[in-house]
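The values are calculated or read from the model by the stated rules, or taken from the named source; none is laboratory data. As the structure is a prediction and not an experimental result, all values here were calculated from the model. Don't worry about glycine lacking a Cβ; one is built from the backbone with ideal geometry, like all the others, and counts go over all protein chains shown.
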Number of protein chains: 2
Amino acid sequence: MRLGIIGEFGLIEKIKHWVRTDGSVIKGIGDDCAVIKYSKDEYLLFTCDALIQDVDFRKSDNPYLVGRKAIAVNISDIAAKGGLPRYALVSLGLPKKSSFDYVRRLYQGINYWAKRFKINIVGGDLSGAEKVMIEISMIGFVKKKSLVLRSGAAENDIIFVSGALGGSIRGRHFAFTPRIQEAQYLVENFKINSMIDISDGLLQDLGHILSLSKKGAVIYEDLIPKSKDAHNLEEVLGMGEDFELLFTLPFQEARRLREKRKDFKPVGYITKNPGLILVDKNLSRKEIDIKGFRHF
Amino acid sequence: MRLGIIGEFGLIEKIKHWVRTDGSVIKGIGDDCAVIKYSKDEYLLFTCDALIQDVDFRKSDNPYLVGRKAIAVNISDIAAKGGLPRYALVSLGLPKKSSFDYVRRLYQGINYWAKRFKINIVGGDLSGAEKVMIEISMIGFVKKKSLVLRSGAAENDIIFVSGALGGSIRGRHFAFTPRIQEAQYLVENFKINSMIDISDGLLQDLGHILSLSKKGAVIYEDLIPKSKDAHNLEEVLGMGEDFELLFTLPFQEARRLREKRKDFKPVGYITKNPGLILVDKNLSRKEIDIKGFRHF
């Protein structure tokens, strides 16, 4: 059987069954980060992400921006669990003919976010490779009371996004700001039931929350904030790499949030019954298949 | 400037200057693992290693063995600091046409060591890629009193290796046993001043200890245990991927170790003055250039 048939998410389901974890693992495979017991008040978060030339970027892309993105996608995963990043390893695969300046600029991009979020780059690995590959693994910490998983969405929760969606591939996906500040504000001041960062697209990432929470949702086309970079609704719903936060919280909490902040936008609500309903401009409801970017 | 000119170790020196770490980092770039403050009695160890198709293995190699090696090289790094491995993330880059069975067998290899050493596989990342890439990042823990760095070698220390060297490329490099048990025995019972796992070759890895400890060494050709797989002395001294422990300890401790265990072999001693002297069968001394496998 080829991987294309089983698919990325089918493969993740299989892998879940192949590995075992002990009681120190609060959450293993299947969320933005692994969550591990750490101290009386905190959990340790552990995550990694790779950017691969000709899949995630081109050799001609500005290496400073590639480095920025390589670390930002990991920071975004830690933000979405309510945590703060602290330590990172940088693993580089580099063709022999790479220039020293290329690597220096990659690191300038990595350092841009490392400095702003006080992340220690503590090591890594260098390999020869035919194509450039940057893998960053990251450790962060989250207060136990602040931890938010994908799986906690409850019936009647209001669904929010932290910013405009779609068209990120036209440049924003390199230069986005990981939503650490926004996520910290949310978990410090509100009861957030579930959260994820939008990397695969609104519909697909909402799909992750729904399947892990065993719930459904109704979302309203008109409510979804649309980036000026998006060419059409399909890009808003499914393009991915927006790296905005998608989160759900109880109705009363949502009202309180709306009074304080206008930059978080409600887009729909969680239902008891599974399935994802999109309500269009004419208020007609259609059940939609969850789609988005899959790696195979 | 091309990377080939500055070289792998030159690049690592540059990267050290590009990054900053805070007081919670006991040891950052430049050892087998990063060492981070953790609890009253323990440090956290953090490391990663990538295997890349057509650099570290071929697509035709048994994926079970590739998976075994991918996790074993990380375990070996943690062993060499005196620690025990606990958590791992597995990041895979896979061509679309990969078979499901290939990935299943990779994981069987990863699980082989994960089960034996009670390592929790807690997550990872899947990417499409033109070539197979396996990157594992690992967290372990070490008792503060057991931590051994590369930089602690002292004058008159005796230099030991944990097993026969050379020719590992003829098969052993896939199926080696990470020296967790041996390293635990050493740090629990002896004062070990410096340690490294031999991944780049005896001379080069001894060179890491010498340059970080600001010392020199004399080693004896006849004393070095030679693998039956090694075709010549050059392979014994410089082939790499043996993944045996190379460590140094004071003379009195060395004598005590020799009384208890015959499997650890003394190969020479540490000198105050820099430089590496190899004494051959005829007791003639020659100063040698440190060489080994470099990635560019």
Just to check your reading of the model, which residue among B:Gly4, B:Gly30 is of a type in the set (Gly, Ala, Ser), touching a Leu at 6+ places or on another chain (Cβ under 9 Å) and over 22 Å from A:Asp49 (Cα atoms)?
B:Gly30
Regarding the range B:158-168, can at least one residue be identified that is farther than 24 Å from B:Phe251 by Cα, at pLDDT below 95 and assigned to a helix (DSSP H, G or I)?
yes
Restricting attention to the range B:159-175, which residues are of a type in the set (A, V, I, L, M, F, W, C), within 15 Å of B:Phe247 (Cβ to Cβ) and in contact with a Leu (Cβ under 6 Å, 6 or more places away or on another chain)?
B:Val161, B:Leu165
Return the only residue of B:Gly124, B:Gly128 being more than 23 Å from A:Ser24 (Cα to Cα) and either outside the structural domain of B:Val187 (by TED's automatic domain parsing) or at pLDDT below 95 (or both).
B:Gly128
Quick check on this structure: which one of A:Leu246, A:Leu233, A:Leu237 is under 15 Å from A:Asp157 (Cα atoms) and touching a helix residue (DSSP H, G or I) at 6+ places or on another chain (Cβ under 8 Å)?
A:Leu246
Is it fair to say B:Glu130 is charged (D, E, K, R), in contact with a Ser or Thr (Cβ under 7 Å, 6 or more places away or on another chain) and over 16 Å from B:Val73 (Cα atoms)?
no
Residue within the range A:61-68 that is among the hydrophobic types (A, V, I, L, M, F, W, C), under 17 Å from A:Glu241 (Cα atoms) and more than 10 Å from chain B (Cβ to nearest Cβ) present
yes
Given the criterion farther than 23 Å from B:Leu44 by Cα and touching a Phe, Trp or Tyr at 6+ places or on another chain (Cβ under 7 Å), identify the matching residue among A:Ile52, A:Ile6.
A:Ile6
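Residues checked against (1) over 22 Å from B:Leu51 (Cα atoms); (2) outside the structural domain of B:Thr47 (by TED's automatic domain parsing):
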residue	(1), (2)
B:Ile134	no, no
B:Met138	no, no
B:Phe141	yes, no
B:Glu155	yes, yes
B:His173	no, yes
B:Arg179	no, yes
Taking the options A:Ile192, A:Ile219, A:Ile224, name whichever one is under 15 Å from A:Leu149 (Cβ atoms) and of a type in the set (Val, Ile, Thr).
A:Ile192
How many residues of the range B:29-57 are over 19 Å from B:Ile198 (Cα atoms), surrounded by fewer than 20 Cβ atoms within 10 Å (Cβ to Cβ), within 8 Å of chain A (Cβ to nearest Cβ) and in contact with a strand residue (DSSP E or B) (Cβ under 8 Å, 6 or more places away or on another chain)? The answer is 0
Scanning for something within 15 Å of B:Ser162 (Cβ to Cβ), without any contact (Cβ under 8 Å) to a residue 12 or more places away in the chain and charged (D, E, K, R), does the range B:220-243 turn up at least one residue?
no
Hits in the range A:123-137 (condition: out of contact with any Gly (no Cβ under 6 Å at 6 or more places or on another chain) and not small (Gly, Ala, Ser)):
A:Asp125, A:Leu126, A:Glu130, A:Lys131, A:Val132, A:Ile134, A:Glu135, A:Ile136
When the residues of the range B:2-28 are filtered to those that are surrounded by 14 or more Cβ atoms within 10 Å (Cβ to Cβ), more than 7 Å from chain A (Cβ to nearest Cβ) and at pLDDT 95 or above, which remaining residue is nearest to A:Gly93 (Cα to Cα)?
B:Lys27
Could you please find all residues in the range A:169-182 being surrounded by 19 or more Cβ atoms within 10 Å (Cβ to Cβ) and part of a loop (DSSP other than H, G, I, E, B)?
A:Phe176, A:Pro178, A:Arg179
